[in-house]
Structure formats: C-alpha cells, structure tokens
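Heads up, the thing below is written out as structure tokens.
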Amino acid sequence: MIRDYTLKLDLQPIKEYVISERKSTQLTAKKSNVGGYQSFIYDKWPEVLFGLRDFIQAQIPEQTFMTLWYNINGRGCYNLMHDHNKEEGCSGVFYIDAPDKNMGNLYFENGKEYEPIPNRLILFPADLKHGVKPNLSNQSRISMSFNYVRYPEKEMKFPGQEYLKSGIKI
C-alpha cells in the first residue's frame, strides 16, 4: 500500500543541510540515477531531520530504520525502475525542494504517479518497483529517500547483507 502525506516541516534548514553535504564532496553514488547527484548511504538521521524521522516512525512503529540518502536531480535527470530490497520493509521519498512543474513524477509499476511537491512524503513497500521520470525543468529537485525493515534492531546483521546496506537493488 502506498501512503501519501503532506507535512509542515521547515524545509529551509533541511535544504541547506543537503546542499552543504553535496558541496562537501565531488563524489556521487551510481545506483538507479541517470545523471544528477545521489549521496552515499547514511545509517543515522541528522538532527535537522529529527521531525521527519519522528513522523515516519509513528506511521510504521513495527519497523526499524536502515538507511537514507539524498538526491539532487537537474534538467534531464531521472531514476530507472528499481526496488529497494526483497525483505519485508518500507521505503519512502520526502521532497525537500521542487520549485517548478514537470520536475519528474515518482511512478510505480502499478501505474500510480506522484508529483514532487515540497513537504510531500510517500511511503511504499520496499519491494514495489518504482522510478522517477525525467526532470523537464531548468531547476533542481531535491529529495531524500530511505529504507526501513521489519526486523528488531537486535536482529539486524549488516555484514554479508550488502543489498540492505546498499539501500537499493536494481
């Protein structure tokens, strides 16, 4: 089941944080993204995102946080259809900045599409295939993606579970 929420977080400090993270490296992860910037994987929430973390955890209390990463997609950039893992879990995207129209909808294999709107949070099953259409705007879209799993923290064993640590599987 896909869940769609509109939050009321102060996005300016979140945007500034993501941009500062981007400026701190010339490196970008290459996962499902075609063009654009995808950060490496983080396994802890930064303080600036605690409000988002708390909201998500209230929606899926039976799940445990795994990973998050940031995406900055300029004109022509998109994400190929992919899923995040085959284990029971929840993935999501949170839109931090989408200042224009035609910035690339999130789409799912079941035909549903969601326009990127600042403060929009989409939660979905981690094994549901999805992608992002090309950004047709001259401005950049900033989002954050994340994964949760249905394991208690004490049962999580990262070594040898690279598909979990990677945050995405194509």
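The values are calculated or read from the model by the stated rules, or taken from the named source; none is laboratory data. These numbers come from a predicted model, not from an experiment. Reconstructed Cβ throughout: ideal geometry from the backbone, glycine too, with neighbour counts over all protein chains shown.
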Quick one: would you say A58 is on the phi < 0 side of the Ramachandran plot, surrounded by fewer than 21 Cβ atoms within 10 Å (Cβ to Cβ) and either modelled with pLDDT under 90 or β-branched (V, I, T) (or both)?
no
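Take residues that are farther than 20 Å from Y5 by Cα and tell me which of the strands (runs of 3 or more DSSP E) falling wholly in region 36-130 contain 2 or more.
On the way: elements: 64-73, 78-82, 89-97, 106-108, 120-125.
Output list reads 64-73, 78-82.
Here's the yes/no breakdown for (1) modelled with pLDDT of 95 or more; (2) exposed (fewer than 15 other Cβ atoms within 10 Å of the Cβ); (3) within 28 Å of Q57 (Cβ to Cβ); (4) acidic (D, E):
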| position | (1), (2), (3), (4) |
| --- | --- |
| D83 | no, no, yes, yes |
| F94 | yes, no, yes, no |
| G104 | yes, no, yes, no |
| P118 | yes, no, yes, no |
| S137 | yes, no, no, no |
Residues (in a loop (DSSP other than H, G, I, E, B), modelled with pLDDT of 95 or more and closer than 17 Å to A98 by Cβ) located in region 1-35
L7, K8, L9, D10
